[in-house]
Amino acid sequence: MSKVYLCTAIPYVNGDPHIGHAMDYLLADTYARYRRTRGDEVRLQVGTDEHGNKVYSSAQKNGLSVEAYSTENSQKFQDFIKKLDISYTDIIRTTDAEHVRRCQEIWKQLKPHIYAADYDGWYCEGCESFVTQKEYDENGGICPDHQKPYQRLTEKNYYLRMDDFRDTIRSKIEADEMLILPEFRKQEILRLLEDTPDISISRPRKQLSWGVPVPDDDSQVMYVWVDALSNYITVLEYPDKDISDWWPATAQFVGKDILRFHAITWPAILLGLGLDLPRKIVSHGHVLSDGQKMSKSIGNVINPMEVLERHGLDAFRYYFLRHVDTFTDSDFTWEKFDEAYNNELANDLGNLVQRLATLCHKNSIAGFSVAGDPDSTYCTLMDKYEFSKAFDYVWKQVQQLNKDIDLAKPWELAKNGEIDKVKAVLSTLVSDLLKVAQLLETFLPETAGKIKAIFATGTIIPPSQPLFPKA
Ligand code: MSP
């Protein structure tokens, strides 16, 4: 049995959750459930990122104190995480007093690598990111993600000396000691690492009041990313506790837009603290809405609560884990979602369960148990974090079972009185379905539980309502 620690990016609380926010949670949760089925002990962290100017300005626009605003929005993310049935064990808000205090301890430990200097350059508040002149020129002075002009900053900052860490980070990435998935993102990071200057890690308090105060310098507040990234270890109570049981993290799940912070800034902080780097960083693509980036101005932001209400939780999990590719951008449209629900969940799986349960009931077949080792192809894909491929693989088995029933025609065998053959055929089909249910447990826990409850508990009674009633 191994100890597995999984981390998810903590969203800014400057608005409501949208469907894109589900990705970190779903991927981490799927992997967590997988490792638990393999007998491992898993910790899964989630939380909210509450400091910084982005959150502060939103609170002002909404006419609320930043404290009240953060609390209200953090709650929305917490509710969302619960609605998605994310099997987390640890939850953190970056405004928690203990987190703030621990960040200050972390800062003190980093001091040998910190120096003060004037910053004269660019910043994007949307990304909460310092921007190099090269990036500024490449993007024509406008942030491609937020479509807003970069701000010019001229101010005192504290810096973390990259030269202390760059070679180590490069060699750990190259040797896959910190494995970056997918491979093409790893190559992007290796290129970016060479151009990364010393990292600005503070802002003057008069420019940024909503943040963690820098120890021993009242005029400065920590740059929001330093405070946010630290959550992955402060939630384990670092530096108050020895975290070696859980750190380094087995895997961190992040969107492609914030990979650079996790693959460069975060390793620099960790090395400065004398801690190991995470074993893996899994960087997923973005969910698009009707082929476009979701944005309030285009008006194509999809509210996840509506998606959840449409066909229930497992339909949500199904779509985002199977039809959203694990590593590249994928599209959400209501049409695609409804099609997947009706053609796949209702037709492929719902019908299969209903037909098989009815046949077993009619022919008094019962007494199955869930058994056997998990399928090796499935495990290989899960071990490589290829979740959408693993799900495709499982779904092919669902479709194959439908073909198997059609081919074996147990209803004809029953009509001809060949009861032994009926029993043999149905027993094989049910055992196969239970094996599939075991694999589905990581993706669709509720549905897998229902299938087991129908087939693996003595008498088989068809559900009064199909698992996925047609919409
Ligand atoms: N607060 C930072 C993360 C700090 S982690 C120490 C942040 N927040 S965010 O709210 O902008 O994004 C949170 C997560 O959601 C990130 O992993 C981001 O990539 C992901 N997504 C945001 N929009 C997304 C899509 N449209 N699709 C998929 N994931 C997306 O960045």
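Of the DSSP beta bridges with both residues in segment 145-298, give the percent that are antiparallel, rounding to the nearest 5.
DSSP beta bridges in segment 145-298 are roughly 50 percent antiparallel.
To the nearest ten degrees, helix 97-110 and the longest principal axis of the Cα atoms of the chain are 60 degrees apart.
Considering Cα pairs under 8 angstrom that are at least six residues apart, work out the relative contact order of the chain and quote it in whole percent.
Computed value for the chain: 16 percent relative contact order.
For segment 82-219, carbon and sulfur atoms together expose 49% of the accessible surface, with a 1.4 angstrom probe and every protein chain in place. Given a Förster distance of 60 angstrom, what is the FRET efficiency for Lys148 paired with Lys403, based on the Cβ-Cβ distance and rounded to 0.05? Approximately 0.65, to the nearest 0.05.
What part of the accessible area of segment 317-459, given as a whole %, is carbon or sulfur when the probe is 1.4 angstrom?
Roughly 50 percent, rounded to a whole number.
Roughly how tilted is helix 387-408, in degrees to the nearest 10 and between 0 and 90, from the longest Cα axis of the chain? Long axis of 387-408 versus the principal axis of the chain: about 10 degrees. Charging the Cβ of each Asp and Glu at -1 and of each Lys and Arg at +1, and nothing else, the dipole of the chain about its Cα centre rounds to 1060 debye. Remark: segment 233-241, residue by residue, has Karplus-estimated 3J(HN,Hα) of 10, 5, 5, 8, 6, 5, x, 5, 10 Hz, where x stands for each Gly or Pro and the curve is 6.51 cos²θ - 1.76 cosθ + 1.60 at θ = phi - 60°.
With a/c under 1.5 counting as rounded, go ahead and sort segment 185-285 into rounded, prolate or oblate using the C-alpha gyration tensor (a ≥ b ≥ c being the square roots of the eigenvalues; past the cut-off, prolate if a/b is larger than b/c, else oblate). It would help to have the intermediate numbers written out before the result.
Working: a/c = 2.00, a/b = 1.23, b/c = 1.62.
It comes out oblate by the Cα gyration axes.
Here the accessible area is traced with a 1.4 Å probe on the protein chains. For segment 238-295, carbon and sulfur cover 41 percent of it.
Shape descriptor for the chain: Rg over Rh equals 1.04 (Cα atoms; Rh from the Kirkwood inverse mean 1/r).
Amide H contacts for Leu179 (H built 1.01 Å from N in the peptide plane; partners 5 or more residues away or on another chain; cut-off under 5 Å): Lys280, Ile281. Rounded to the nearest 5, the antiparallel percentage of DSSP beta bridges internal to the chain is 50%. Scalar couplings 3J(HN,Hα) for segment 266-271, obtained by applying the Karplus form with A = 6.51, B = -1.76, C = 1.60 to θ = phi - 60°, are 5, x, 4, 4, 4, 5 Hz; x denotes Gly and Pro. For segment 75-212, the equivalent ellipsoid derived from the alpha-carbon gyration tensor has semi-axes of 26, 23, 20 Å in decreasing order. Restricting attention to segment 88-181, the count of lysine pairs at 8 or more positions apart or across chains with alpha carbons under 27 Å apart stands at 8. Probing with 1.4 Å while keeping every protein chain in the model, the per residue accessible area of the chain equals 42 Å². Compute the angle between helix 66-83 and the longest alpha-carbon principal axis of the chain, please, reported from 0 to 90 degrees and rounded to the nearest 10. Tilt of helix 66-83: around 20 degrees.
With loop membership from DSSP and a limit of 13 other Cβ atoms within 10 Å, the longest segment of the chain without trypsin sites (Lys or Arg not before Pro) is 1-205.
The calculated Kirkwood hydrodynamic radius for segment 341-385 is 13.3 Å, given to one decimal from all distinct C-alpha pairs.
Could you give the semi-axes, largest first, of the ellipsoid that matches segment 256-328, computed as the square roots of 5 times the alpha carbon gyration tensor eigenvalues and rounded to whole Å?
Rounded to whole Å, the semi-axes are 32, 16, 11.
For Val42, the residues 5 or more places off, or on other chains, whose built amide H falls under 5 Å of its own are Val4.
The values are calculated or read from the model by the stated rules, or taken from the named source; none is laboratory data. Being a predicted model, the structure only gives us computed values, none of them experimental. Note that we place each Cβ from the backbone using ideal geometry, even for glycine, and neighbour counts take in every protein chain shown. With ligands, DNA and RNA removed, areas are computed over all heavy atoms of the protein, side chains included. Shrake-Rupley method; radii C 1.70, N 1.55, O 1.52, S 1.80 Å.
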